[in-house]
Amino acid sequence: PSLPELPGIGLAMTSDQVLEDVYPLPRRLAVVGAGYIGVEFASIFRALGAETTLVLRGDLPLRGFEEDLRRHVTQEMAAHGLKIRPETRVEGIAPRGDDGLVLRTSGGDLAADGVIYATGRSPVPNTRGIGLEELGVRLGEMGAVLVDRGYGSISAEGIFAVGDCSDHGGHGLAS
């Protein structure tokens, strides 16, 4: 998971930690991030009974999806009791005495027993240490296999790379 640098970020859970560490169920939960993972976790925790607030920078969740779908999903989430704070920037997270946490935002403070950060994942492929370099495969600075703009061919003859392990074409090799 990718986390921003802001005061108190260590108090937040990531999407990885949520499935391991959330016992007992928080009464009040803030979910920061409105991609499909943030929307999914906010909806799950709301359905389980937590008072849940989805905090997003934009006007609607699920950026990149069809506009009508985004509006409809937002309306349905609100109809099921999910609170939504659009166009909100998180400024920090702080302990709130014996009463959980406070999420400091551009739209005012939000009291919560837990904060989940679901603002994306760093695009680092898991390619290091598996012998690619010994085969002559060139890796980019972050570990992505460098491919051409054509058919996923790389620097080692007869080896091809596609998907998340590649740099998705044209960023490292001449075509």
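The values are calculated or read from the model by the stated rules, or taken from the named source; none is laboratory data. In this text, all values refer to a predicted model and were calculated from it rather than measured experimentally. Virtual Cβ from ideal backbone geometry, glycine too; neighbours counted across all protein chains shown. These accessible areas exclude ligands, DNA and RNA; they are computed on the full protein's heavy atoms, side chains included. Shrake-Rupley method; radii C 1.70, N 1.55, O 1.52, S 1.80 Å.
With springs only between Cα atoms under 10 Å apart, run a GNM on the chain and tell me which of Gly92, Gly131, Gly143 wobbles the most. The residue that fluctuates most here is Gly131. Placing unit charges on the Cβ atoms of the charged side chains and taking the dipole of the chain about its Cα centre, the candidate lying farthest along the positive direction among Pro26, Thr105, Pro7 is Thr105.
Tally up the carbon and sulfur contribution to the accessible surface of segment 80-138 as a whole percent, 1.4 Å probe, everything protein left in place. List each step's numbers first, then the result.
Values: 1690 of 3460 Å².
Heavy-atom surface of segment 80-138 belonging to carbon and sulfur, 1.4 Å probe: 49 percent.
Over segment 1-111, Cα pairs under 8 Å with separation of 6+ residues give a relative contact order of 24 percent. Angle between the Cα long axis of helix 67-79 and the longest principal axis of the chain, 0 to 90 degrees, nearest 10? Compared with the principal axis, the helix lies near 40 degrees. Placing +1 on the Cβ of every Lys and Arg and -1 on the Cβ of every Asp and Glu, with nothing else charged, gives the chain a dipole about its Cα centre of roughly 440 debye.
Put simply, the convex hull of the Cα atoms in segment 27-106 casts, on average, a shadow of 5.2 nm². For the chain, the 222 nm mean residue ellipticity estimated from helices alone, with every DSSP H stretch of n ≥ 4 adding -39500 (n - 2.57) and the total spread over all residues, rounds to -5500 deg cm²/dmol. Helix 36-47 and the longest principal axis of the Cα set of the chain meet at an angle near 30°. Counting only DSSP beta bridges whose two residues both lie in the chain, roughly 40 percent are antiparallel.
How large is the Rg to Rh ratio of segment 1-158 when both quantities use alpha carbon positions and Rh follows Kirkwood? Intermediate values should be presented prior to the final figure.
Values: Rg = 19.5 Å, Rh = 17.7 Å.
Using Cα coordinates only, the ratio equals 1.11.
Across segment 78-167, Cα-Cα distances exceeding 16 Å account for 68% of all pairs.
The residues of the chain have, on average, 59 Å² of accessible surface per residue, using a 1.4 Å probe with all protein chains present.
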